[in-house]
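Take a look at the structure set out below.
Coordinate-derived values only; no laboratory data. Just so it is clear, the model here is predicted, and its values are computed rather than measured. Using ideal geometry, Cβ is built from the backbone for each residue, glycine included, and neighbour counts are taken over all protein chains shown.
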Ligand code: MN
């Protein structure tokens, strides 16, 4: 039986003067492979070349990384905005819209959840510590695969069907978050401070955005988060 091919979007990375370009944390492709999929990376070359990859895929992961350029939700940069990559934003917005039209399953992770919201008309909190001063720490200082805080999961959501719990532990490596949720999306998990931690598309059969990093929790031995990738791969067949 053919394994589902899962495209993974990529960040810009500069390692040395001579090594610059595609970067994606290895937990993404290792976890896809470990759960039975075939990972392929989508470089930020051009919108046309990225869209040309979509017919080859059975599923799409929008990965984490840079801040989203606030121009894509009609705002100017907050003083605490981090580095952005405008070509990546444009490519991912185009990929998300086309993938939804093509009924392709999408798992959007961290920045991925944020740009899923932006691609559908929502806005972001540009910097949690300064814009939401009562929020907890969402940028953990301990290892990436370890959990950091609770999230409360909506009962009749797909996420709840996958996890089987209304309260679970997640890791947290983000200083931005979803602010105004796009009309097409529904909030399905929030942290105890009210920060939105997961969204699902209201109509599409599988388009989930999570603010945490399930790929690194799986790499750290968390089986519950493995269920998220199993669900993506099942939807991808
Ligand atoms: Mn968090």
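Key figures
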| read-out | value |
| --- | --- |
| Cα gyration tensor shape for the stretch 22-130, rounded if a/c is under 1.5, else prolate or oblate | prolate |
| Residues in the stretch 102-118 that a label on residue 205 would reach, taking backbone N under 13 Å of a point 7 Å out along Cα→Cβ | 102-106 |
| Isotropically averaged projected area of the chain, using the convex hull of Cα atoms (one quarter of hull area), nm² | 12.6 |
| The chain - mean residue ellipticity at 222 nm from DSSP helices (-39,500 (n - 2.57) per run, n ≥ 4, rounded to 500) | -8500 deg cm²/dmol |
| For peptides 215-228, 180-193, sequence by mean Cβ density within 10 Å, most packed first | 215-228, 180-193 |
| Extension gain from residue 19 to residue 136, taking 0.36 nm per residue of separation minus the Cα-Cα distance | 38.5 nm |
| Prolate/oblate/rounded label for the stretch 119-203 (Cα gyration tensor, a/c 1.5) | oblate |
| Rel. contact order, % - alpha carbon contacts under 8 angstrom, at least six apart, the chain | 21 |
